[in-house]
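Have a look at the structure below before the remarks.
The values are calculated or read from the model by the stated rules, or taken from the named source; none is laboratory data. No experiment lies behind these values; they were computed from the predicted model shown. Note that each Cβ is placed from the backbone with ideal geometry, even for glycine, and that neighbours are counted across all protein chains shown.
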Amino acid sequence: MPTPVVVVLVVLAVLLGWKIFGLAIGLAWTIAIGAGIGFLARHLLPGAQPMSWWATVGYGVAGAVIGKAIGHSVFHFGWLLTFATEVATAALLIAALGNKRLPRP
């Protein structure tokens, strides 16, 4: 018969594993949704934005995270206005920072 300490350790290991799995799935969703938001924001802006698709995904993820914090947590918008806030934030990031090129050495 297992000791109570072993049972507690096994239960804690399972709960921790479940939490880590949930965080990994959440991170994957954030990247996927952020990529879509970045491409949508980039296509809503007029003119061409000379940046790689990695930069578009990065700005989209940043816009999704910042926009969700603003729309959902600060102003308590519904999901549609929060999504619009995420796209607008990504578009602002792309417009403000997207055309910056690092100087070549």
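Hey, among V61, V57, V5, which residue is assigned to a helix (DSSP H, G or I), over 18 Å from the mean Cα position of the chain (by Cα) and among the β-branched types (V, I, T)? Break it down into steps so the answer makes sense when it comes.
Values: V61 fails: over 18 Å from the mean Cα position of the chain (by Cα); V57 fails: over 18 Å from the mean Cα position of the chain (by Cα).
Within the list V61, V57, V5, the selection yields V5.
Could you run through the range 20-35 and say how many residues are modelled with pLDDT of 90 or more and surrounded by fewer than 15 Cβ atoms within 10 Å (Cβ to Cβ)?
Looking only at that region, the number is 1.
Here's the yes/no breakdown for (1) of a type in the set (F, W, Y); (2) touching a Lys or Arg at 6+ places or on another chain (Cβ under 8 Å):
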| residue | (1), (2) |
| --- | --- |
| F39 | yes, no |
| V57 | no, no |
| V61 | no, no |
| F77 | yes, no |
| F83 | yes, no |
| E86 | no, yes |
| A96 | no, no |
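Do we find a residue being within 20 Å of G98 (Cα to Cα), touching a helix residue (DSSP H, G or I) at 6+ places or on another chain (Cβ under 7 Å), surrounded by 16 or more Cβ atoms within 10 Å (Cβ to Cβ) and of a type in the set (S, T, Y) anywhere in the range 49-61?
Within the range 49-61 (the criterion being within 20 Å of G98 (Cα to Cα), touching a helix residue (DSSP H, G or I) at 6+ places or on another chain (Cβ under 7 Å), surrounded by 16 or more Cβ atoms within 10 Å (Cβ to Cβ) and of a type in the set (S, T, Y)), the answer is yes, since at least one residue qualifies.
Please go through the range 36-65 and give me each residue that is of a type in the set (A, V, I, L, M) and either over 15 Å from L92 (Cα atoms) or free of Cβ contacts under 8 Å to residues at least 24 places away in the same chain (or both), ordered by number.
Of everything in the range 36-65, just one residue is of a type in the set (A, V, I, L, M) and either over 15 Å from L92 (Cα atoms) or free of Cβ contacts under 8 Å to residues at least 24 places away in the same chain (or both), namely A48.
Any idea how many residues of the range 70-79 are part of a helix (DSSP H, G or I) and at pLDDT below 90?
Adding up the residues that qualify gives 5.
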